[in-house]
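Q: Sharing a structure here in structure tokens format.
The values are calculated or read from the model by the stated rules, or taken from the named source; none is laboratory data. The structure displayed is predicted, hence computed values, not measured ones. Cβ: placed from backbone, ideal geometry, glycine included. Neighbour counts: every protein chain shown. To get the accessible areas, we keep the full protein, side chains included, count just its heavy atoms, and leave off ligands, DNA and RNA. Shrake-Rupley method; radii C 1.70, N 1.55, O 1.52, S 1.80 Å.
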Amino acid sequence: MSLPDARRDLIIAAIVGLILAISVGAGGALMLSSAEREALPELSAKVREGSDTVGQAVADQIRMALDYGIPLEGLYGVDTYFANVVSGVPTIDALALVDPDGDVLTSTAENVTGLAFPVITGGKLMANVILAPAPPLFGHTVGKLRLALAATAVVLGLVAACITLLVLRRNVSAGRARLRHLMLGVSRGVFPARTLPSGRGATVVALSGFDYRLAPLEASVRCLEDEVATVRAIDFDGSLSEKLDPILEPVAAARGVVETAGASVDRPGHRSFAGWLAVAALSVYAMSIPFVSNFAIDRQWEYVPVDWWPSLPWIAEGIAAIMASTLARTLPQQARPMAAFFGLLAAGLSFAAAYALRDYGLFLASRAVAGAGLGVTVSALFSGRSADSREPLLPVMMLLSLLVAGPVLGGLLGEAIGRRMAFLSAGILLIALGFTSLTVRWNTIGGHAGATAHGWNGAMAAAGAAFGAVSLVLVPSGPGYENYLAAGLLVAAGGAAATLALPLHPRWPVSLAAALAGMALLSWSGLSMSEPMPGAATALGMAVLGWGAGGLVRPHRATMTTLFLSTGAGIAAGAGSVSIAGAFALPPLAIAACLVLVLTLAGQVAVRRTTAVAA
């Protein structure tokens with residue numbers, strides 16, 4: 001495909017995605033604002049009414065005690081009573097009991113201000129109960145809804161852009177490129193094999209006109225072929241063939257015009273479709289990123305220390321993916337469609353099984369099966385792809401699907417329907433993609449069984465270690481433990497920054513420094529389960545880390561789909577590094593940062609040695 005065609009397709013897809021994102025975001029914002037205007041005053045009145053009722057009830061309890069003759073200074077258990085009320089009523093932030101002079105007798109917090117409820121006995125003011133209302137719960141809820149709405153708009157826009165780009169590439173631009181190829185061949189006196197046009201549009205009309213204009217030539221060539229066959233049939237001693245071949249040599253290229261839909265034509269579109277199907281599978285698989293670690297923590301396992309609970313599933317998944325993809329390389333091409341199908345089927349069933357699993361060991365086994373299924377699928381779908389030059393956008397879309405669309409969509413589903421239903425939904429989608437993989441025609445694709453290589457690359461392993469430590473373990477078991485959308489958005493921030501780094505060509509020392517700086521900033525920001533919403537420092541740390549990791553990967557983006565061994569090993573090592581750091585009371589990213597540094601430097605040394613040997 002020519003560069004103008006690719007640029008035009010990308011611009012059109014971006015415009016479609018932007019229009020859909022703006023439409024969804026604007027429409028949702030208007031609906032939310034309208035609902036907020038109508039509902040918030042009534043909700044505020046209800047909350048105020050409830051606070052007044054609770055405050056008056058507390059004041060009545062104090063008055064009853066005073067009526068029994070208990071002095072105000074001798075009231076026993078008031079602090080415990082106030083603490084129970086505050087913890088049991090979410091609309092109350094604090095309570096305090098003060099005497100008429102304003103001196104605090106009992107308080108659940110310092111400097112309590114708010115509504116005052118007088119305690120009157122015998123017509124005399126004896127004390128005041130001060131009630132501090134809590135911030136409206138619906139205010140925080142509305143904020144989360146706005147965040148979810150923005151994330152939904154971005155994901156839908158991204159999905160729409162991907163679908164538009166895929167349709168343009170596989171239909172409009174592919175047909176235009178085929179017509180251009182035919183015309184260039186005719187101009188050189190070559191008539192390449194072609195298939196009969198089908199469908200609608202200007203390109204199909206042009207192809208039909210091309211066939212119409214070639215019809216007389218085709219008829220002449222068929223007559224020539226009949227005459228040649230007759231001559232060869234009566235040429236018993238071969239003398240006529242010796243004289244006939246020099247005559248036919250000038251028109252040998254034109255004789256290919258009779259090849260039609262039955263001709264064996266290389267179809268790179270099938271190779272492209274396999275790559276895009278892998279992108280879709282990775283996106284659905286990545287929906288589990290915000291859940292796996294915190295899901296494992298909740299299951300617990302008495303056989304391993306607590307520090308290993310969030311990371312063991314990812315370690316098992318990474319090892320299983322490496323082993324399965326290595327074995328899938330040895331399969332003949334005819335077996336790869338079924339291998340991709342069964343790989344997606346196994347991954348989908350493992351995802352769906354999480355809905356009913358309560359045991360940590362079974363959950364660990366299901367994640368290992370899911371990883372093996374993914375390894376087989378990716379290895380099968382990318383088989384025969386000697387390079388990604390046919391689809392230069394494929395590495396970019398892989399990063400966007402794996403680190404942006406999948407985690408955000410998973411976070412949205414987790415907030416809406418819970419982790420278990422999100423696992424079940426992702427499993428159903430993976431199974432559906434498995435049946436789609438059967439439509440890929442591997443036997444029409446050029447390439448050989450060894451085209452999917454499993455080389456070792458230090459930069460890819462370093463990026464995998466950073467991803468495994470931060471995005472798979474630290475974020476989901478920290479701020480994402482109860483806030484799945486926050487986890488998905490944090491991972492998406494790093495993924496978007498990594499994608500932006502691909503066209504910027506940063507040097508590897510700058511990328512390494514950025515990755516280490518991002519990890520240091522994340523450690524300083526203090527990711528923990530107690531955070532209701534991650535702060536700006538955390539988001540900035542994820543973005544800086546993602547940009548650095550993307551810069552490390554950028555020189556190898558053309559072979560990104562072949563470096564499964566490096567990436568999988570880095571992910572498993574990065575996930576385990578967080579648990580090792582916890583076991584030795586080290587900062588959670590200390591060992592992961594060392595891994596990134598060592599793997600990157602080792603990779604650079606290996607590249608220089610290879611270059612020196614080649615020179």
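Q: Might you work out the accessible area of residue 481 for me, using a 1.4 Å probe with all protein chains in place, and round it to the nearest 10 Å²?
A: Around 40 Å² of this residue is reachable by solvent.
Q: To continue, here is another question. Using the Kirkwood radius over C-alpha pairs as Rh, can you work out the diffusion coefficient of segment 288-415 via Stokes-Einstein at 4 °C, viscosity 1.567 mPa s, in µm² per second?
A: D, rounded to a whole number, is 82 µm²/s.
Q: While we're looking at this one, here's another question. Convert each backbone phi in segment 106-112 into a coupling constant with the Karplus relation 6.51 cos²θ - 1.76 cosθ + 1.60 (shift: θ = phi - 60°), then list the ³J(HN,Hα) values in order as whole Hz, x for Gly and Pro.
A: Rounded to whole hertz, the list is 8, 7, 8, 7, 8, 6, 6.
Q: Can you tell me which of 154-166, 589-601, 329-341 comes out highest on packing, and rank the rest after it, using the mean Cβ neighbours within 10 Å?
A: With the highest mean Cβ count within 10 Å placed first, the list reads 589-601, 154-166, 329-341.
Q: Compare 428, 315 by solvent-accessible area with a 1.4 Å probe and give them largest first, with all protein chains kept in place.
A: 428, 315
Q: Another question, if that's okay. Give me, ordered by chain and number, the residues 5 or more places off residue 93 or on other chains with an amide H under 5 Å from its own placed amide H.
A: 132, 134
Q: Tell me which residues come under 5 Å, amide H to amide H, from residue 121 once H is placed; ignore anything under 5 positions away on its chain.
A: Close amide H contacts, sequence-distant or interchain: 126.
Q: With every protein chain kept in place and ligands, DNA and RNA left out, what is the accessible area per residue of segment 304-371? Probe 1.4 Å, answer in Å².
A: Per-residue accessible area for segment 304-371 comes out at 41 Å².
Q: Just the Cα atoms of segment 283-326: what Rg and Dmax do they give in Å?
A: Spelled out, the Cα radius of gyration and Dmax of segment 283-326 are 11.8, 33 Å.
Q: Could I ask something else about it? In terms of modelled amide H atoms, which long-range or inter-chain residues lie less than 5 Å from the amide H of residue 457?
A: 566
Q: Moving on to the next point. Report ³J(HN,Hα) in whole Hz for each residue of segment 64-77, in order, from the Karplus equation J = 6.51 cos²θ - 1.76 cosθ + 1.60 where θ = phi - 60°; Gly and Pro get x.
A: Result, rounded to whole Hz: 4, 5, 5, 5, 7, x, 7, x, 4, 6, x, 5, 10, x.
Q: Okay, moving on. Rank these by accessible area, largest first, 1.4 Å probe: 482, 415.
A: Greatest to least solvent exposure: 482, 415.
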